[in-house]
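These notes concern the structure reproduced below.
Just so you know, all these numbers are worked out from the coordinates, no wet-lab data involved. Values in this document were obtained by computation on a predicted structure and should not be read as measured data. A quick note on method: Cβ atoms are made from the backbone with ideal geometry, for glycine too, and the neighbour counts reach across all protein chains shown.
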Amino acid sequence: MGKGRNLGLAIFFGGVVTAHALAATQPTGWAIFSSESAAKLHAQAGTEAGRRVLQTAEGFVNETPHPMARIHTEGTLPHQGIRDESLAAERDWSAMLALGLAYRLSGDKKFLAAEDRYLSAWTAIYHASFNPIDETNMDQLMMAYDLTRGDLSPKTEAQASTLWQSMAVGYIEWMERNGEKDPGNWSSHRVKLAVMAAYETGDPSLEARAAQAFREQVKRNIRADGSVEDFYKRDALHYVVYDLDPLQMAALAAKAHGEGWFHEGAGGKNIAHAVDWLVPYAIGDKKHEEFVHSEVAFDAARDKAGEKGYSGEWDPAAGVQTLTLAALLDPHYAVVAQQSITHGGHGPQLWLLLFAAVASHPTQP
C-alpha cells in the first residue's frame, strides 16, 4: 500500500471528517479556509500530510514567480499557441497553495514572504478571461489567499480583492445571461469560480446571486437518475468527474458558510444523487470505455496526440478526489471514499486531507 493511499485511509478510518463540531466562525470574506480553520493547521505540521506540504513549499521559497496577464490551455494540444507557457505558469498556482498551507502549518514567515511575492506578481497583471476551463484552477489562489489574508502586504491584498470582485461579478453575470444555453461542465466551473470569488468579497448580494447560479446549474446539469449532461455528449466518466468536482467545491465553500447545498435539489437533481450514480465506477464495481461515442471531435484529437485518459477503460483512481469531496460534504460517503482510495491506489490532494482535519463548519440553518 502506497504512502498516499495510507494517508487517505488514515483520514477516513480515523473519523476526521466527522470529528469536528459544527461551530460558527467568521461571517464572510473567505472562500474555503476560515481564519479559525487556518489557525488550526499548526497542529497538523507533524502529520505526514503536513510534512509533505512543508517539503513541497520549501522548493518554492526562493523561486521566481512566472505571472501571465492571460493563460490559455482550453481546446489546445501540446505545443499549440501559449499552452506550454500557460501550463508552466500555472505551476505557480499550486505553489501558492502549498506556501499558504506551509505558512499556517509552521508559522514561518519565509513562506508568507514567498506567498506575498507570488500573489503580488500575479494579481498585479492578471485579468480574468472568463474562460472557466483556463481559470478553474484559480481556486488554488483563492485558498492561498484565505490562508494568508490579513498578513499579506496591503498592496497585495488590494490587488487580490480587485481580482476576486471582477471574477465574481463577471462569472455571475455570464451565468445570469447565458446559463440556460450551456448546462455542461463549463458552467459547472463558472459556478465554482463565481461562488468562491463571491465569498472572498464578503458581499451578501454577490453571494446570493452566485448561490442562485449554482442552483440553476445543478437543475440543468444533473438528470433525475443522477447522471450528468456531459456523460451523454462525451460518453466519458472523465467528464462526469469534471462536472461534479467544481460543483462540490462550490458546495464545500457554501458549507463552510453554513449552507447545505449537497443534497439540495428536487426530483433527484442534486449533487449527492450524481455522486451516487458515479460510486459503482469509482470503487471498481462497474467499468466504462471512455469517449467511444463522444460527439466532440477534439476528444479523438487529444487521444491521437497521446494525452492520457481519452480512450480505454476509465481509471477509478480519477474518482478519488470526487468521493473525498463528497465525504467532506456528507460523512456517509467516507466509506466509499476509502474504497475508492483503496481501489485507485493513491490518496486525494493534500490540502483536502489537511482541510478535513481542521474544518469547523457552521451549523446549517
Fill in the blank from the handout: Scanning the stretch 66-89 residue by residue, those charged (D, E, K, R) and out of contact with any helix residue (DSSP H, G or I) (no Cβ under 6 Å at 6 or more places or on another chain) turn out to be ARG70, ARG83, ASP84, GLU85
Exercise for the section: Hand me the list of helices (runs of 4 or more DSSP H) wholly inside the stretch 194-278 holding 1 or more residues that are on the phi < 0 side of the Ramachandran plot and of a type in the set (A, V, I, L, M). Expected result: 204-221, 237-255
Practice task
Would you check which residues across the stretch 173-189 are crowded, with 20+ Cβ neighbours inside 10 Å and over 20 Å from SER227 (Cβ atoms) and list them?
Solution key: MET175
